[in-house]
Amino acid sequence: MEEGEKAEWRNLAAASLVTEGCGFPVKYGGFRIVLIRYEDEVFALDELCPHADASIAMGPVGNGCIACPWHYAEFDLRTGEVLSGPATTSLRSYSTREIEGRIEVFL
């Protein structure tokens, strides 16, 4: 996304690549986002854990949250809220939609 470009729906991935319970990292412009399918809904969060910059894409998913693979800070899939430390800052969450086999994120 270029400076000054307005937020809109961005086509980020084929829906078939975002599998249940697994993080799928994507880059778009200056954004690093992880897409997660959980209970047949797709969520989008900032990819890097605010505690130590680990990619949460490789972290375990369950009970409506994803955990950082390094120190197991947990984040709510819907809101990005930090649920347990050592992280103290929440992740940004993004609106998603699935259309015609593609995952779109509002950026």
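The values are calculated or read from the model by the stated rules, or taken from the named source; none is laboratory data. Because the structure is a prediction, the values reported are computed rather than measured. When we count neighbours, we look across all protein chains shown, and the Cβ atoms used for this are built from the backbone with ideal geometry, even at glycine.
Can you name the residue in segment 6-46 that is among the acidic types (Asp, Glu) and within 17 Å of Cys65 (Cβ to Cβ) and, of all such residues, is modelled with the lowest pLDDT? So the residue we want is Asp40.
Number of residues in segment 1-42 that are touching an Asp or Glu at 6+ places or on another chain (Cβ under 6 Å) and polar (S, T, N, Q) equals 1.
Being of a type outside the set (Val, Ile, Thr), in contact with a helix residue (DSSP H, G or I) (Cβ under 8 Å, 6 or more places away or on another chain) and surrounded by fewer than 19 Cβ atoms within 10 Å (Cβ to Cβ) is true for just one of Glu98, Glu47, Glu39. Which residue is that?
On the way: Glu47 fails: surrounded by fewer than 19 Cβ atoms within 10 Å (Cβ to Cβ); Glu39 fails: in contact with a helix residue (DSSP H, G or I) (Cβ under 8 Å, 6 or more places away or on another chain).
Sole residue among the options that is of a type outside the set (Val, Ile, Thr), in contact with a helix residue (DSSP H, G or I) (Cβ under 8 Å, 6 or more places away or on another chain) and surrounded by fewer than 19 Cβ atoms within 10 Å (Cβ to Cβ): Glu98.
Every test in (1) at pLDDT 95 or above; (2) exposed (fewer than 14 other Cβ atoms within 10 Å of the Cβ) is passed by Glu3 save one, and that test is (1). Touching a Phe, Trp or Tyr at 6+ places or on another chain (Cβ under 6 Å) and surrounded by fewer than 20 Cβ atoms within 10 Å (Cβ to Cβ): does that describe Phe106? The answer is yes for Phe106. On the stretch given as segment 68-92, residues that are touching a helix residue (DSSP H, G or I) at 6+ places or on another chain (Cβ under 8 Å), buried (at least 20 other Cβ atoms within 10 Å of the Cβ) and without any contact (Cβ under 8 Å) to a residue 24 or more places away in the chain total 1.
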